[in-house]
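Notes for the one structure printed next.
The values are calculated or read from the model by the stated rules, or taken from the named source; none is laboratory data. Just so you know, these numbers come straight off a predicted model, no measurement behind them. Here the Cβ positions follow ideal geometry from the backbone for every residue, glycine too, while neighbour counts run over all protein chains shown. The area values use the complete protein model at the heavy-atom level, side chains included, leaving out ligands, DNA and RNA. Shrake-Rupley method; radii C 1.70, N 1.55, O 1.52, S 1.80 Å.
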Amino acid sequence: LHLLIGKLLYKLNAGGRGEEWMLMVATGQMNKASHLIKDRKAQVKLAELNLQAAQGAVQKSAFFLASEYLKSGMFMLRKDPDTWNDTYKLTLDSMSSLAEIQYIKGEHQQCRQLVDEILKNGKTLKDKLRASLVLIELDGSRENFDSAMASGYSLLEQLAIKLPQNPTSYTISREFKKIRKLIAGMGDQDFLTLPQTSQEEVRVGMKVMSLIASYAYFSGRKTDFAMLGLSMLNLTVSSGMTDCACHGFAVFGVVVASMGDYKDGFRFGRLALTAFDFSQEVAYQARTFLLVHGFLHHLEKPFHQSLGPLMVAHQTGMDSGDTEYGLLTSTAYVGVYIFCGLTLKPLHDDIKGFQAASASYRQSATLTLLLVFREVVEGLMGFRENAADIAVPKKGNAVAIHQAWFMKMMMAYIFHNFSEAIEFAEKLDKLQNSGSTSYEFTAKLMYRSLIYSVQAQMTGKSKYKSAADKIIKMLEQNTKHGNLNAHHMLCLCVAERASLSKKKSQKDVKNLYDRAVLSASKTGFTQIAALSNERAGMFFYAQGDMGYAQDYLTRAAEGYALWGAKAKVKHLLGLYNFLEDVKVNETTSHLGRQRFSNIFADRHRDVQQATIARSSDDGSTDGHKEEHDLRQKGNVVRSLFSRNGNKGGDDLFGDSMLSEL
């Protein structure tokens, strides 16, 4: 009966009277009776239909359903022990597609087995390409970054693109000068109107470099990251545009900014977003937005503006099957949120959702970072006994290790564990800088300056004053370059440094602290406004001026309460008995911002849910207009499969199948 129903629906679909769902239902019905199909041509035809049905499921983000079609197709193909020879192209396409889907689903063990079989039986580099890219992603998702990069470099070499591994700073400087000469005089429009490349090797090479660039960053191989950024721009200018050119511009922007040219870094970040708008290559949206809004946008624009685009990029990545970068973008979203000063409660809920998704899809690098962020948020909210007790990840994920030490330093300072704070600051100084253009790097500078000022006050040693002064000069350079998000941090560091000077009057110091409070408040950085009030209150408390001390410390407690930092409010109340208890903000939403949602995991599992959700998206009017527009632009889902399969095909399911039934 299943076979008969499937045959009738297939005939309707092949005759042009059906819809996409007919092919999928017909294939599903015949799969239920596939054990009755003995004719080899009919078995192969059913395998073809399963591949086509899987393509349809992928277009609806129903990846779990797609994998079932592909497994059924492979079951049919494997009825012939020599399927790699007899039906090579179909076997290759079906198995490559299944490997990609299994990776998306987080079924990494089964994925690796498929990849190994493809690499063993594939005839050419082109045939093995999809499996080779999945292999790189498998290693990267497990934090085997060096292995992923080695595979990437090997693949590039086979494409006749030779890049030095672990290049020296001199090599980077030399290549950077060449690039500068190559692009001298080129405006944004000149980049955007470059012709599409006609070289397949360049397209594939750009895809590989785009993939391993993040692994270079996460493994702390800064010069490799720089070389990849320079090479991607060089290939784009010399050979033409590719699908991932937008990401190449973003990588180059981060490289340029890390060399101190913030203006050009921001320019290439903006160029990356424009190139994405032109190409609509949704496969590269998450990774492009991750770099632009995690490292570059804040250099000239308000920091808070990055939250919406990062959430949209996360959602688009999950929707399109780019789960790795969709989830990595969630870490950038969390990092930006923490330093924005928005209410912590909704962030805590979102982090738990992001963690569950990362565990489900086996994205270890994302999980490692999210754990650090969660411990920070829970420490501030009072869920942890020792707020600064943040676990440092094991060797491998250099970004997470650096982040953990920074967060330990920040939390130790916030909760007045100053001896630990200086210990962590000195530890951080010895670590290789990670993300030197990110907003978090600027925040690290601020906290180190504040800690050095405290140490100078406690020990009287001039070396700490000098260290604080050096960082203040760096923050001054940031603000001179147009980084409006660094101004409030500079103001606080200057006020702290002035509080140590015998040449400054109490009125001068008060004015500097007031300036810091005003700057942080006007730009929405609630937590820094609270910290500035606290430091001002502590200064006047030490001077014996209880009027000003109570005023500033009361405002500090109110600011921390607004942030949702219950543990910090409790800490202040325990230090100063003249403070009155304040109600902590525990709201679960903020300003209508988009939140973490399980809808994308639901779509991956249920084609009907995917169809309904997509229809809803098309008519959505909720949320910020900017975020809605971005979502609409990212609504095109990348195809994981080649589309040269037979849509209707010859009617191989004719009388012979009925006879078998």
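Do you know which residues across segment 314-325 are within 8 Å of the chain's Cα centre (by Cα) and farther than 13 Å from Ser214 by Cα? Selection gives His314 alone. Among the numbered conditions (1) closer than 27 Å to Ala226 by Cβ; (2) buried (at least 23 other Cβ atoms within 10 Å of the Cβ), the only one that Tyr452 does not meet is (1).
For segment 500-524, filtered to residues that are of a type outside the set (Val, Ile, Thr) and surrounded by 24 or more Cβ atoms within 10 Å (Cβ to Cβ), the residue that is nearest to the chain's Cα centre (by Cα) is Ala520. Of all residues assigned to segment 509-517, none qualifies as being in a helix (DSSP H, G or I) and in contact (Cβ under 8 Å) with a residue 40 or more places away in the chain.
For segment 299-335, a residue qualifies if it is open to solvent by less than 10 Å² (accessible area, probe 1.4 Å) and more than 30 Å from Ala57 (Cα to Cα), and the qualifying residues are Leu299, Phe303, Ser306, Leu307, Val334, Gly335.
Per the listing Thr193, Thr197, the residue uniquely in contact (Cβ under 8 Å) with a residue 24 or more places away in the chain and polar (S, T, N, Q) is Thr197. Of all residues in segment 21-55, those that are open to solvent by 10 Å² or more (accessible area, probe 1.4 Å) and either within 19 Å of Tyr88 (Cβ to Cβ) or not hydrophobic (A, V, I, L, M, F, W, C) (or both) total 16.
Glu100 meets each of the listed conditions (1) part of a helix (DSSP H, G or I); (2) free of Cβ contacts under 8 Å to residues at least 60 places away in the same chain; (3) farther than 30 Å from Val237 by Cα; (4) open to solvent by 10 Å² or more (accessible area, probe 1.4 Å) apart from (2).
A quick yes/no check of all residues on (1) of a type in the set (Val, Ile, Thr); (2) open to solvent by 20 Å² or more (accessible area, probe 1.4 Å); (3) in contact with a His (Cβ under 7 Å, 6 or more places away or on another chain):
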{"site": "Ser61", "(1), (2), (3)": "no, no, yes"}
{"site": "Glu68", "(1), (2), (3)": "no, yes, no"}
{"site": "Lys71", "(1), (2), (3)": "no, yes, no"}
{"site": "Asp116", "(1), (2), (3)": "no, yes, no"}
{"site": "Lys126", "(1), (2), (3)": "no, yes, no"}
{"site": "Asp139", "(1), (2), (3)": "no, no, no"}
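Checking each residue in segment 103-113 for being open to solvent by less than 60 Å² (accessible area, probe 1.4 Å) and within 14 Å of Ile136 (Cα to Cα) picks out Tyr103, Ile104, His108, Cys111. The set of residues from segment 255-287 being of a type in the set (A, V, I, L, M), open to solvent by 10 Å² or more (accessible area, probe 1.4 Å) and under 16 Å from Tyr325 (Cβ atoms) comprises Leu273, Ala283. Here Gln527, Gln457 are screened, and the one residue that is out of contact with any strand residue (DSSP E or B) (no Cβ under 7 Å at 6 or more places or on another chain) and open to solvent by 70 Å² or more (accessible area, probe 1.4 Å) is Gln457.
Apart from one condition, Met149 fits all of (1) of a type outside the set (Gly, Ala, Ser); (2) open to solvent by 10 Å² or more (accessible area, probe 1.4 Å); (3) within 25 Å of Val202 (Cβ to Cβ); the exception is (2).
In segment 228-243, the qualifying residues are those that are open to solvent by 10 Å² or more (accessible area, probe 1.4 Å) and aliphatic (A, V, I, L, M), and the one that is farthest from Ser173 (Cα to Cα) is Met241.
One line per residue, one yes/no per condition, for (1) of a type in the set (Val, Ile, Thr); (2) in a loop (DSSP other than H, G, I, E, B); (3) closer than 15 Å to His314 by Cβ:
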{"site": "Val254", "(1), (2), (3)": "yes, no, no"}
{"site": "Gly265", "(1), (2), (3)": "no, no, no"}
{"site": "Leu273", "(1), (2), (3)": "no, no, no"}
{"site": "Ala286", "(1), (2), (3)": "no, no, yes"}
{"site": "Phe289", "(1), (2), (3)": "no, no, yes"}
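Answer yes or no: is there a residue in segment 498-518 that is in contact with a Gly (Cβ under 8 Å, 6 or more places away or on another chain) and among the small types (Gly, Ala, Ser). The answer is no; no qualifying residue exists.
Every condition in (1) in contact with a helix residue (DSSP H, G or I) (Cβ under 6 Å, 6 or more places away or on another chain); (2) of a type in the set (Val, Ile, Thr); (3) within 19 Å of Gln363 (Cβ to Cβ) is met by Ile401 except one, and the failing one is (1). For beta carbons closer than 6 Å, sequence separation of 6+ or different chains, a first residue in segment 211-225 that is under 14 Å from Asp139 (Cβ atoms) and a second that is in a loop (DSSP other than H, G, I, E, B) and of a type outside the set (Ser, Thr, Tyr), the qualifying pairs are Phe218/Asn397. Of the set (1) at positive phi; (2) open to solvent by less than 10 Å² (accessible area, probe 1.4 Å), all apply to Arg362 but (2). Please go through segment 159-172 and pick out each residue that is surrounded by 13 or more Cβ atoms within 10 Å (Cβ to Cβ) and in a helix (DSSP H, G or I). Listed by number, the residues that qualify are Thr171, Ile172. For Asn121, the stated conditions hold: it is of a type outside the set (Ser, Thr, Tyr) and farther than 22 Å from Ala226 by Cα.
When residues in segment 552-580 are screened for being over 21 Å from Leu342 (Cα atoms) and not in a helix (DSSP H, G or I), 5 of them pass.
Do we find that Ile414 is touching a residue at least 60 places away in the same chain (Cβ under 8 Å), of a type in the set (A, V, I, L, M, F, W, C) and more than 25 Å from Ser219 (Cβ to Cβ) in this structure? Judged against the criteria, Ile414 is a match.
Looking across segment 76-87, the residues that are part of a helix (DSSP H, G or I) and surrounded by fewer than 15 Cβ atoms within 10 Å (Cβ to Cβ) come down to Asn85, Asp86. Can you tell me how many residues within segment 375-406 are within 25 Å of Lys463 (Cβ to Cβ), open to solvent by less than 40 Å² (accessible area, probe 1.4 Å) and assigned to a helix (DSSP H, G or I)? Matching residues across segment 375-406 total 2.
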